[in-house]
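For reference, the structure I am asking about is given below.
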Amino acid sequence: MRATRLVVAYATLMLLAGGAQAADHITIGYSTTLTGPLAVEGEQMVNAFSLALEHLDNKLGGLPATLVIADDQAKPQVGVQNAHRLLERDKADLLAGMLLSNVTEAILNAVLPEGAAVIASGGVPAPYAGKDCSRNFISTFWNTDTPYEQIGLYLKRQGIKRPYVIGLNVQPGRDALNGFKLGMGGEMAGETYTRVDQSEFASELTDIRRVAPDAVVWFNPGGTGIAFLKQYVQAGLINSVPLYGMTIQTDESKFPALGDAAIGVKSVGNWSPELDNDSNRHFVAAYRAKYGRLPTTLGAMAYDNALLIDAAVRAVGGDLSDKAKLVAAARRADFASVRGKIRFNNNNVPIQNFYLNVVEKGPDGVLRNKLAATVASEVSDPHAKDCPLTW
Amino acid sequence: MAALLEVRGLCKTFGALAVNQSVDLTVEANQIHALIGPNGAGKTTFLAQLAGDIRPDAGTILFDGTDITGLPAHRRAHLGIARSYQVARLFPDSTVHDNVALAVQACSRWARSVGRAAAGIGELNEPVAALLERVELAHRSRIPAGILAHGERRKLELAMALASRPRLLLLDEPLAGMGVEESQATVALLDRLRRDAAILLVEHDVQAVFALADRMSVLVFGKVLASGDPPTVRRNPEVQRAYLATSGEVPPC
Amino acid sequence: MSAAFVLAQLLNGLQLGLMLFLLAAGLTLIFGIMGLVNLAHGSFYMIGAFVAATLQAWTGHFALALAGGVGAAIILGIAVESALLRPLYRRGHLDQVLVTFGLILFFNEATRLLWGSGGLSMQPPAVLASEIQLLPGLPYPSYRLAISGVGCLVVVLLSLLLGRTRIGMLIRAGARDHAMVSALGVNIKLVYSLVFGLGAMLAGLAGVMTGPIIAVEVGMGEAILIQTFVVVVLGGIGSVKGSFVAALAVGLADSLGRAFLPLLLGGFLAPTTVSAVAPAAASTVIYLLMAATLLWRPQGLLGHRR
Amino acid sequence: MIPRRLVVIGLIFAVLAAVPLYGADYYTGLATKIMIFGLAALGLDALVGIGGMISFGHAAFFGIGAYVAGLFGKSGIDEGLIVWPTAIAVAALFGAVIGSLSLRTRGAAFIMITLAFAQMLFFIAASLPALGTSDGIGLPHRNSLAGHSLGRAVDFHYVVLLLLAGALALTDFLARTPFGRAVDGIRQNEPRMGALGYNPTIYQLACFIFGAAVTGLAGALVANLSLFAAPDNLHWMTSGTLLVIVILGGVGSLFGSVLGAAVLIVLEEVLAEVTDHWMMILGPVLIAVVLFGGNGLAGFLLRRPHGRTS
């Protein structure tokens, strides 16, 4: 009985104090994958996010920032458990990071109903880009079908008639290939999904040879994707049938494992280290100086993630109590994205440009993605129309 | 009267080694039939085939007129064949009492019961007490079987073999490792058992064998050398040459 | 569907089968002789590949990489056997499973600590980098043929070792009947170390050989380990010959399943249903093969009842 | 005098019951997770510790339970009194099929076959769009119990506590029935049991099905905890984790599963915060426990040669 009265008294006190009140400190709960095959991507994200914090003097929107990092082990259930720990024990003001869309979806399912704010830089689960879009969630990245829709539109313009699609048999893989079909339209020459642990693709490659398509579109961002690409090159197919995928499958973090097999591979992405703007030049140079290599797309997204939070917190004057207000501020925020100026759609996913990248070996013998062309400008993702939110 | 157990032409080879070569053997009801022979003669393998642990390569086993050659061990047990083992491992983690209780419940209506804790079922526990009394192990009933002395394990084996009220007991060296007194008591017990069941007895203690056996067979190199009542077998010159004469009176166990 | 297509798919299956055999041969002997359930067998595969990839990056020579990778697997294998696994032979399977499970965690994480989580690149030797025209209309990567060649060579050498040498016969006898080896009075510790080293060597060889076609990355051993288990059970524990037959069967079933199931299902199902069901069906083929075989022969194709 | 075993069990449950009184939801959730994994491992301990069957594919039943809850959630049925018994029944059914096939072998082959079957289910779950492939199936919200919402972490915690206590009591009782003793006898000496007249396979299969059912219930609960059924629940690493819990807790002790789960989950939480390379510590810890640990935590607490010796 006494306890109840205490709680009531406390609540009244808070109400009286109420209204906008600037916090004196901000804690970011950062969730990503730091063990298993995807750890390499998670490390890039943490590196880039930390770099941004350094550039901002360890402050976000003027508030001294604490970063608490949690490893989701690429498992949805671990991600959910971490999210609860970050929010409840570490008193995180918001969650950031996020890598795999299925882990993100589980986390969003768990924390959004409780009113938490998630300002992320990972893959957006299709439902949360569409009908389940939320005022408490925003991401600097994309949902996987968007780049593939752009690949489809691009290949159609290039006169491709009979593409063969091959994807990892996971939900993002199916989303991606459906996105491609949406952009491309028409019949596929073949459609194959591969097992998550499959590292031997001889059967599929033989099938591609049989079908003789005029292009192959692939989705396989994990370690088995490296095996696929190497085998595609070894089978001599790379010279006869062009291969297209998204850039994060063939960027900096994959070069050590791919080696020269990556040369000539074309991909579509929303960012390139060669993008010419102040923020990007600063980011790429600083990243290279600190970590000795070029950043990856996921790193760039993580850097944007920190800049976005910084701008949002500044916009609400340091008041972290109203999470929806914070996210709303983020979507309107004027921040110096490494992609130049970007804006957010009604579903809180960026409207952004897409570029064609080609892997080449520089004069120094180092592999890099060469920005070859702009594929599309100011692209909205295909789910935005399903999102009921208006602003 | 028909024989309780009738074995015809039983053969078993392991690789190149013929362990049993066309063994014929008959055990009458309520008789003790001793099976003797030097080490490695194939006696244990023979018992294992009767009990169903090893499948013979050829031959038939008839029990009470039924062909049981292809039956699994547990089905034979239900028909009334019980077996004791040469190397007694039993259930080392369970108490002496629980060892025998397992044997008692095996062929009772309680075997698959999940309705009551075993410790509270009188129908299982009373026979256990009686059996332990019978083999003089009652005082050891609460200790794990794994820490029993060798002779005590033989007694426990015997109690478990008796638990199902079998019609045929296959005993593999029940006296091994027993002191003189224990040995005498067990011989007396086996002697009394004759009233309830036939016994096929593999035993190295020749004195005990001659004291107990109604009939005996001599197994050498997997073949039955002689069969008959003890005096006849004892007089058989081949037996004397092959077994008794070469290895002395009492073969080592 | 052309004959060349079918033939190429058969070659794919054979090559996968031969790689599986390299892993399964050692595993089945270790199971058979020592009664040891070794979950960490895939770790030797991984270590072999990592060391080879590193050596290739340093020296540029494939042969050196091959020798180094296999050597590292042998050394690690013998070290693990004598330091950790020896006390386990007399313990139950449960303890073995847990210790080798702990070893997997350790090796994976240690590898990540040493080499980072990005994985390494390994290239085929220059002479084998392209594809060759096997038949008109049948180009095939020459490195894959080389893998099959190495696999066949190992089959021959292993059968000579097991069939013609005294130590080989001991190993075979021991794998068939655990009690036999000690009965023969040989130095059992030496035989155990030999067999374990042999198993680790074959696993390391498989890792080095597949390195150029897959991603050399942490955890690569586990994906293939479970298929290897299927091979060992299917062939019969302790039987190298059985493992050979089963490895080819599993390799063919897996490859052909992935190649032909979609086409087969496409005959009577809608394309969307095929793309939904075929991957699931193809990935269960080898397990169904195993279940069916066990119904018929619980001891495996060439295994002995034990 | 109350037996020490009961005192220990009483203390464990008292601590678990007290967690929500003192901790935030996060700690309550952690304690709930410990109980759910303890329950899953209890099912496995019935197999391993009493039945002597080392299954390396027990995550199959954990996953089956989770997916049953997921599929019900998707179709809008969220009454625990319907979902949980169904999860138990479906897991038992799969247990019957997998068990009867696997029990055609023994020893090492049994270990590998159970592993292979679990992998098969993993690949089916991870590849079929109807089961959500890699995403698994989300539950819109937690199951209710007889119409009462379990949305609050505390309520769910106590329901899991009761289910765990019930399952532990039932398993403990069954182990003491004639049937349970027979299963234990088969673990100790299978040929001898055959000679006594038991058909070992029947008893082992029944034990296998029981263990599958218990773990199936745990699966339905874990889906409720994370509002998610994921292929990960079926993965062989989860099977390994369950075995680790059984060993840590003490094989055959039954209640030790809860202790094992507590130690492993807390260790994972603590180590993961110290270093990303926590598996490098966990691996050797595991090896040390197996080599030098005696019979796990239960063995340590009871200081008896074997957990099941009465």
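The values are calculated or read from the model by the stated rules, or taken from the named source; none is laboratory data. Since we're looking at a predicted model, the values are computed, not measured. Counting neighbours? That spans all protein chains shown, and the Cβs are built from the backbone with ideal geometry, glycine included. Accessible surface is based on the protein model in full, side chains and every heavy atom, while ligands, DNA and RNA are left aside. Shrake-Rupley method; radii C 1.70, N 1.55, O 1.52, S 1.80 Å.
With a sphere of radius 12 Å drawn around the Cβ of A:LYS323, what net charge do the other residues whose Cβ falls strictly inside it have (Lys, Arg +1; Asp, Glu -1)?
-2
Consider all pairwise Cα distances in segment D:132-226 and report the whole-number % of them above 16 Å.
Above the 16 Å cut-off, segment D:132-226 has 66 percent of its Cα pairs.
Turning to a different aspect of this structure: Convert each backbone phi in segment C:100-111 into a coupling constant with the Karplus relation 6.51 cos²θ - 1.76 cosθ + 1.60 (shift: θ = phi - 60°), then list the ³J(HN,Hα) values in order as whole Hz, x for Gly and Pro.
For segment C:100-111, the Karplus-derived couplings read 6, 5, x, 5, 4, 4, 5, 4, 4, 6, 5, 4 Hz, x marking Gly and Pro.
Alpha carbon centre of segment D:36-92 versus segment A:142-179: separation in Å?
Spelled out, the Cα-based centre of one part sits 38 Å from the other.
Would you grab the residues whose amide H sits under 5 Å from the one on A:ALA70? Only those 5+ places off in sequence or on another chain, please, with H modelled 1.01 Å from N.
So A:ALA70 has HN proximity to A:TYR30, A:SER31, A:THR32.
Right, next: If you plug each phi of segment C:289-295 into the Karplus form 6.51 cos²θ - 1.76 cosθ + 1.60 with θ = phi - 60°, what whole-Hz ³J(HN,Hα) values come out, in order, with x for Gly and Pro?
4, 5, 4, 5, 5, 5, 4
Calculate what fraction, in whole %, of the accessible area of segment D:4-302 sits on carbon and sulfur atoms when a 1.4 Å probe is rolled over the protein chains.
Ligands and nucleic acids excluded, carbon and sulfur reach 73 percent.
Whose amide H sits under 5 Å from the amide H of A:GLY167, counting only residues 5 or more places off or on another chain, with H placed in the peptide plane?
A:THR192, A:TYR193, A:THR194, A:PHE219
What share of Cα pairs, in percent, lie more than 12 angstrom apart in segment D:230-278?
In whole percent, the long-distance tail amounts to 64.
Once every DSSP H run of n ≥ 4 in the protein assembly as shown is given -39500 (n - 2.57) and the sum is divided by its residues, what mean residue ellipticity at 222 nm do you get, rounded to the nearest 500 deg cm²/dmol?
Calculated from helices alone, the mean residue ellipticity at 222 nm is -18000 deg cm²/dmol.
What accessible area per residue comes out for segment A:351-391, rounded to a whole number of Å², with a 1.4 Å probe?
Computed with neighbouring chains in place, this is 49 Å² per residue.
Further question on the same structure: For A:LYS156, list the lysines whose Cα falls under 16 Å from its own Cα; do not include residues on the same chain fewer than 8 positions away.
Once the sequence-local lysines are set aside, what remains near A:LYS156 is A:LYS181, A:LYS266.
Could you work out which residue, out of C:LEU294, C:LEU265, C:LEU248, moves most in a Gaussian network model of chain C, that is, has the largest mean-square fluctuation with Cα springs under 10 Å?
So, out of C:LEU294, C:LEU265, C:LEU248, the one fluctuating most is C:LEU265.
Another question, then. Arranged from highest to lowest average of other beta-carbon atoms within 10 Å per residue, in what order do the peptides A:126-132, C:43-49 appear?
Top of the packing list down: C:43-49, A:126-132.
Could you calculate the contour length gain from A:ASP260 to A:LYS385, that is, 0.36 nm times the residue separation minus the distance between their Cα atoms, to one decimal place in nm?
Length gained between A:ASP260 and A:LYS385: 40.9 nm.
Right, something else. From the cross-link list A:LYS230/A:LYS341; A:LYS75/A:LYS370; A:LYS131/D:LYS33; A:LYS385/D:LYS74, which pairs have alpha carbons spaced over 29 Å apart?
Flagged as over cut-off: A:LYS230/A:LYS341; A:LYS75/A:LYS370; A:LYS131/D:LYS33.
Across all directions of projection, what mean area in square nanometres is found for the Cα convex hull of chain A?
It is 19.9 nm².
Still on this model: Using alpha carbon centroids, what distance separates segment A:204-241 and segment A:308-379, in Å?
One Cα centre to the other: 31 Å.
Equivalent ellipsoid semi-axes for the protein assembly as shown, as square roots of 5 times the alpha carbon gyration tensor eigenvalues: give them largest first, rounded to whole Å.
Each semi-axis is the square root of five times an eigenvalue, giving 63, 38, 24 Å.
Here's something else I'd like to know. For A:LYS230, what is the net charge nearby, where nearby means another residue's Cβ is under 14 Å from its Cβ and Lys, Arg count +1, Asp, Glu -1?
Every neighbour counted, the sum reads -3.
Also: Give me the accessible area per residue for segment D:1-94, probe 1.4 Å, as a whole number in Å².
36
Taking all protein chains in place and a 1.4 Å probe, what share, in percent, of the accessible surface of segment A:138-245 do carbon and sulfur account for?
Here carbon and sulfur together make up 49 percent of the probe-accessible area.
Please report, to one decimal in angstroms, the Kirkwood hydrodynamic radius of chain B built from all distinct Cα-Cα pairs.
18.7
Between A and C, buried accessible area summed over both sides at probe 1.4 Å, in Å² to the nearest 100?
Approximately 2900 Å² gets buried when A meets C.
Quantify how strongly other chains surround peptide A:161-174 by giving the mean number of their Cβ atoms within 10 Å of each of its Cβ atoms.
3
If we restrict to alpha carbons, what Rg and Dmax does segment A:308-370 come to, in Å?
Every Cα atom of segment A:308-370 included, Rg and Dmax give 17.3, 53 Å.
Taking B:LYS155 as the anchor, which lysines have their alpha carbon closer than 24 Å to its alpha carbon, excluding any fewer than eight residues away along the same chain?
Of all the lysines, those that pass the test against B:LYS155 - Cα under 24 Å, at least 8 places apart if same chain - are B:LYS43.
Please average, across the residues of C:217-225, the number of beta carbons from any other chain that are within 10 Å of each residue's own beta carbon, and give a whole number.
Partner Cβ neighbours, averaged per residue: 5.
Helix B:122-134: angle to the longest alpha-carbon principal axis of chain B, degrees 0 to 90, nearest 10?
50
With r as the distance between the Cβ atoms of D:LYS74 and B:LEU189 and R0 = 56 Å, compute the FRET efficiency 1/(1 + (r/R0)^6) and round to 0.05.
0.25
Then there is this: Among C:GLN96, C:GLN133, C:GLN15, which one shows the biggest mean-square fluctuation in a GNM of chain C, springs joining Cα atoms closer than 10 Å?
Ranking C:GLN96, C:GLN133, C:GLN15 by mean-square fluctuation puts C:GLN133 first.
Enumerate the lysines that A:LYS290 could reach by cross-link, defined here as Cα to Cα under 21 Å, with residues fewer than 8 away along the same chain left out.
The qualifying lysines are A:LYS59, A:LYS254.
Quote the relative contact order of chain C in percent (integer), defining contacts as alpha-carbon pairs under 8 Å separated by 6+ residues.
Result for chain C is 35 percent.
Let me ask something else. Taking the 0 to 90 degree range and rounding to the nearest ten, how far is the long axis of helix B:96-106 tilted relative to the main principal axis of chain B, both from C-alpha atoms?
Around 80 degrees separate the two axes.
For A:GLU41, B:GLU126, A:GLU88, write out the residues from largest to smallest accessible area, computed with a 1.4 angstrom probe and no ligands counted.
Order by accessible area, largest first: B:GLU126, A:GLU88, A:GLU41.
Take the Cα pairs of segment C:3-296, get the Kirkwood Rh, then feed it into Stokes-Einstein at 25 °C and 0.890 mPa s and tell me D in µm²/s.
The estimated diffusion coefficient comes to 123 µm²/s.
List the residues, sorted by chain then number, that are 5 or more residues from A:THR27 or on another chain and whose placed amide H is less than 5 Å from its amide H.
Residues meeting the amide H criterion: A:THR66, A:ASP93, A:LEU94.
Kindly give Rg over Rh for segment D:4-302, based on alpha-carbon atoms, with the Kirkwood expression for the hydrodynamic radius.
Here Rg/Rh amounts to 0.96.
Relative contact order for chain D: what is it in percent, counting Cα pairs under 8 Å that are at least 6 residues apart?
33
Shifting gears a bit: List the residues of segment D:217-234 that lose 50 Å² or more of accessible area once all protein chains are present, compared with their chain alone (1.4 Å probe, heavy atoms only, no ligands or nucleic acids).
Residues meeting the cut-off: D:SER226, D:PHE228, D:ASP232.
Could I ask something else about it? Report the Cα centroid-to-centroid distance between segment B:189-221 and segment A:20-45 in angstrom, as an integer.
81
What is the sum of charges around C:GLN96, taking Lys and Arg as +1, Asp and Glu as -1, for the other residues whose C-beta is under 14 Å from the C-beta of C:GLN96?
+1
Moving to a separate point now. Report, to the nearest 10°, how far helix A:171-184 tilts away from the longest principal axis of the Cα atoms in chain A, using its own Cα long axis and a range of 0 to 90°.
In chain A, helix A:171-184 runs at an angle near 60 degrees to the longest axis.
Along segment C:259-276, what does the Karplus equation 6.51 cos²θ - 1.76 cosθ + 1.60 (θ = phi - 60°) give for ³J(HN,Hα), rounded to whole Hz, x for Gly and Pro?
7, 9, 4, x, 5, 5, 5, x, x, 9, 10, 5, x, 5, 5, 4, 5, 7
Using alpha-carbon pairs under 8 Å, 6+ residues apart, how would you state the relative contact order of chain B in percent?
Averaging sequence separation for qualifying contacts and normalising by length gives 27 percent for chain B.
Could you give the dipole magnitude of segment D:4-302 about its Cα centre, charging the beta-carbon of Lys and Arg +1 and that of Asp and Glu -1, in debye to the nearest 20?
With only Lys, Arg, Asp and Glu charged at Cβ, the dipole is about 840 debye.
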